[in-house]
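The values are calculated or read from the model by the stated rules, or taken from the named source; none is laboratory data. Every value quoted in this text rests on a predicted model; they were computed, and no experiment measured them. Cβ placement follows ideal geometry from the backbone for every residue including glycine, while neighbour counts extend to all protein chains displayed. For accessibility, only protein heavy atoms count, side chains too; no ligands or nucleic acids. Shrake-Rupley method; radii C 1.70, N 1.55, O 1.52, S 1.80 Å.
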Amino acid sequence: METIILKLGGSVITHKDNNELKAKTDVIRRIAKEIKAARKDNEFSLIVVHGAGPFGHKLVTDYKIKDGLDSGKDIEGFVRTHNSMEDLNKIIMDIFRAEGLLGFPVQPSACIIQNNKKIERFNTEIVKELLNLDNRIIPILYGDMVIDKALKASVVSGDAIITYLAREFEVSRILMGTDVKGIFSEDPKINPHAEFIEKIDNSNFDKVLEKVTGANTVDVTGGMKQKLIELKENLSGIKIVIFNAAEENNVYRVLTGQNIGTTIEI
Ligand code: ATP
Ligand code: IP8
């Protein structure tokens with residue numbers, strides 16, 4: 001049976017655009033219903049990873065802890081950012097539960113240690129065992145603040161978690177839900193005439209990357225550009241789809257194998 005990783009981008013599930021600490025509960029509910037419908041039609045194991053939006057990026061920026069911890073106030077920032085990510089995760093968990101999904105939170109800060117902003121150790125066994133126990137269980141992880149051997153603590157993005165998991169598990173597809181149709185020749189929010197790119201492979205990757213920028217929002221993990229670099233550095237041979245999860249029915253469509261968004265095969 002195939003194992004799929006689904007990313008719910010911070011831009012989809014929170015008000016990342018205006019930097020407000022509010023979850024888009026209607027969107028999360030719709031996505032939960034679409035996951036449920038897809039599972040009725042197809043059998044697959046699913047891991048969900050969600051981004052932070054302002055619940056993480058705003059706090060890390062306000063406390064100025066992007067590059068590690070220093071003073072006592074930074075320690076407070078580290079703890080409060082993690083607390084805030086748990087708040088967002090709880091909103092998602094409650095909605096998934098209300099919709100009848102068996103979401104199971106796996107707290108990244110309790111199983112990941114970084115060294116200079118890179119994952120050094122990640123105990124993925126619990127995720128593996130949850131999926132082995134019953135494939136209706138959906139482990140849910142998220143971008144978080146974790147212990148860092150060089151910097152005391154640092155941010156781990158949902159995207160870094162995904163690439164690590166994908167290398168550990170036999171993942172067939174990574175589906176990255178964001179708030180734009182896929183990858184464009186330029187940021188489509190800045191240039192509405194930017195050209196949509198349907199397929200990225202080794203022949204056009206570098207050219208595409210030149211034109212991709214970070215997010216226009218408060219984002220300490222590098223936005224779309226860092227997402228592509230992360231994927232290229234760590235994953236080859238896995239099909240990745242970047243798609244618009246803010247658009248109705250797209251999560252259902254992509255989970256059931258319909259062709260939408262930008263496909264990356266590198
Ligand atoms: P998070 O990382 O917080 O989970 P996310 O996964 O939803 O969020 P972002 O990091 O916010 O994704 O990146 C998505 C944003 O990237 C889009 O909203 C878009 O404005 C921006 N972007 C920049 N360059 C491009 C490009 N060439 N093609 C598509 N989007 C781009
Ligand atoms: O939104 C960032 O995760 P991302 C996590 O997946 C924090 O990049 C704490 C800012």
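In the P(r) worked out for region 89-206, what percent of Cα pairs fall beyond 19 Å? Please list the in-between numbers first.
Details: 4218 of 6903 pairs.
Percent of Cα pairs beyond 19 Å in region 89-206: 61.
Scan around residue 197 for amide H atoms under 5 Å from its own, H built in the peptide plane at 1.01 Å from N, and keep only partners 5 or more places away or cross-chain.
Distant-sequence amide H within range of residue 197: 183, 184, 185.
Show me, for region 121-134, the HN-Hα J-couplings you get by feeding each phi into the Karplus relation (A = 6.51, B = -1.76, C = 1.60, θ = phi - 60°), rounded to Hz, glycine and proline as x.
Karplus-based 3J(HN,Hα) across region 121-134 equals 9, 8, 7, 8, 4, 4, 5, 4, 5, 4, 5, 5, 4, 6 Hz.
Using a simple charge model, +1 on the beta-carbon of Lys and Arg, -1 on the beta-carbon of Asp and Glu, nothing else, what dipole does the chain show about its Cα centre, in debye to the nearest 20? Could you put the intermediate results ahead of the total?
Details: 36 positive and 39 negative charges, 47 e Å.
Result for the chain is approximately 220 debye, rounded to the nearest 20.
Any idea of residue 79's accessible area? Nearest 10 Å², probe 1.4 Å.
Rounded to the nearest 10, the figure is 60 Å².
Given 4 °C and 1.567 mPa s, compute D for region 110-168 with the Stokes-Einstein relation, Rh being the Kirkwood radius over Cα pairs; round to the nearest whole µm²/s.
Numbers: Rh = 12.0 Å.
Answer, rounded: 108 µm²/s.
Given the options 183, 119, 75, identify the residue whose Cα lies farthest towards the positive end of the charge dipole of the chain (+1 on Cβ of Lys, Arg; -1 on Cβ of Asp, Glu).
75
If you roll a 1.4 Å probe over the heavy atoms of the protein chains, what accessible area per residue do you get for the chain, in Å²? Mind dumping the intermediate values first?
Values: 12210 Å² over 266 residues.
Averaged over the residues of the chain, the accessible area is 46 Å².
Looking only at the chain, where both bridge partners belong to it, what percent of the DSSP beta bridges are antiparallel (to the nearest 5)?
Working: 16 of 45 bridges.
Around 35 percent of the beta bridges assigned by DSSP in the chain are antiparallel ones.
At q = 0.16, 0.21, 0.30, 0.31 Å⁻¹, what base-10 log of I(q)/I(0) does the Debye formula yield for region 56-110 when every alpha carbon is treated as an equal point scatterer in vacuo?
Summing over Cα pairs of region 56-110 leads to -0.55, -0.77, -1.14, -1.18.
Sticking to Cα atoms, compute the Rg of region 1-125 to one decimal and its Dmax as the biggest Cα-Cα distance, whole number, in Å.
Values for region 1-125 (Cα only, Rg and Dmax): 16.0, 53 Å.
Hey, what do the phi angles of region 209-214 turn into as Karplus ³J(HN,Hα) couplings, whole Hz, using 6.51/-1.76/1.60 and θ = phi - 60°, x for Gly and Pro?
4, 4, 9, 8, 10, x
For the chain, which whole-number percentage of the solvent-accessible area (1.4 Å probe, protein heavy atoms only) is attributable to carbon and sulfur atoms? The partial results should precede the final answer.
On the way: 5770 of 12210 Å².
Looking at the chain in its full context, I get 47 percent from C and S.
Restricting everything to alpha-carbon atoms, can you work out Rg to Rh for region 156-261 with a Kirkwood hydrodynamic radius?
On the way: Rg = 13.4 Å, Rh = 14.4 Å.
Answer for region 156-261: 0.93.
Within region 187-218, find all residues whose amide N lies under 11 Å from a label point positioned 7 Å from the Cα of residue 20 along Cα-to-beta-carbon.
none
Would you grab the residues whose amide H sits under 5 Å from the one on residue 22? Only those 5+ places off in sequence or on another chain, please, with H modelled 1.01 Å from N.
Hits under the 5 Å cutoff: 15.
Would you mind getting me the FRET efficiency between residue 236 and residue 186? Use the beta-carbon distance for r and R0 = 22 Å, nearest 0.05. Provide the component values of the computation, followed by the final result.
Details: r = 26 Å, r/R0 = 1.18.
The computed FRET efficiency comes out at 0.25.
Please build a GNM for the chain, connecting alpha carbons under 10 Å apart, and tell me which residue among 154, 71, 185 fluctuates the most.
71
For region 38-46, just list the computed ³J(HN,Hα) in residue order, Karplus coefficients 6.51, -1.76 and 1.60, θ = phi - 60°, integers in Hz, with x standing in for Gly and Pro.
Those phi angles translate into 5, 6, 5, 8, 9, 9, 7, 8, 10 Hz.
Just for the Cα atoms in region 189-231, what are the lengths along the principal axes, largest first, rounded to whole Å?
Projected onto the principal axes, the Cα atoms of region 189-231 cover 31, 26, 14 Å.
In nm, give the distance between the simple-model label positions of residue 266 and residue 202, each being 7 Å from the Cα along the Cα-to-Cβ direction.
It works out to 1.2 nm between the two label points.
Evaluated at 20 °C with a viscosity of 1.002 mPa s, what Stokes-Einstein diffusion coefficient in µm²/s does the chain have when Rh comes from the Kirkwood expression over alpha-carbon pairs? Can you show the working numbers first?
Values: Rh = 18.5 Å.
Here the translational diffusion coefficient equals 116 µm²/s.
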